[in-house]
Amino acid sequence: MTFALTGMMLYAMWVVLALMGLNFLMGLYNSFKASDFSGSTIVGFLQDLLFYVLPLFMLANMMSLDPTGWIIKIAYYVGAIGVALKYMAGFKK
């Protein structure tokens, strides 16, 4: 098995990681602004990496197991869109 993000999968991962990074920076800024910094911001970011990004990487790694070539790719895109929408909804609050 090889690990490769190809085409739109790479751009979807960039969008997910950019939104996660932006969310982390906004949380860090708000916590410093309120003088209420705690490690929960950093732990939350690491937890989101584990819960959202790792499964996407695992799906990308399982692409060679898919005989059709599109089932796991659809699952990857649905997951990436779901994570992106989660963070965009969080920015709205």
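The values are calculated or read from the model by the stated rules, or taken from the named source; none is laboratory data. On a predicted model such as this, the values are computed, not experimentally measured, just so you know. Positions of Cβ are backbone-derived with ideal geometry, glycine not excepted, and every protein chain shown enters the neighbour counts. Accessible surface areas use protein heavy atoms only, side chains included; no ligands, DNA or RNA. Shrake-Rupley method; radii C 1.70, N 1.55, O 1.52, S 1.80 Å.
Does segment 11-19 contain any residue that is of a type in the set (G, A, S) and part of a helix (DSSP H, G or I)? Yes: one or more hits.
Within segment 45-75, can you find the residues that are closer than 15 Å to L17 by Cβ and small (G, A, S)? Matches in segment 45-75: A60 only. Scanning segment 64-92 for residues that are surrounded by 12 or more Cβ atoms within 10 Å (Cβ to Cβ) and either of a type in the set (D, E, K, R) or over 18 Å from the mean Cα position of the chain (by Cα) (or both) turns up S64, D66, I71, K73, K86. Restricted to segment 41-62, and to residues there that are farther than 17 Å from G90 by Cα and of a type outside the set (A, V, I, L, M), the residue that is modelled with the lowest pLDDT is N61.
Would you confirm, using the coordinates I've provided, whether L54 is closer than 19 Å to V83 by Cα, open to solvent by 90 Å² or more (accessible area, probe 1.4 Å) and of a type in the set (A, V, I, L, M, F, W, C)? Reasoning before the result, please.
Values: closer than 19 Å to V83 by Cα: yes; open to solvent by 90 Å² or more (accessible area, probe 1.4 Å): no; of a type in the set (A, V, I, L, M, F, W, C): yes.
Here the answer is no, as L54 does not meet what is asked.
I'd like to check something: does segment 18-28 contain any residue that is over 19 Å from K93 (Cβ atoms) and either surrounded by 17 or more Cβ atoms within 10 Å (Cβ to Cβ) or free of Cβ contacts under 8 Å to residues at least 40 places away in the same chain (or both)? So that I can check it myself, show each step before the final result.
Our first condition is that a residue be over 19 Å from K93 (Cβ atoms); within segment 18-28, this holds for none.
No - not one qualifying residue is present in segment 18-28.
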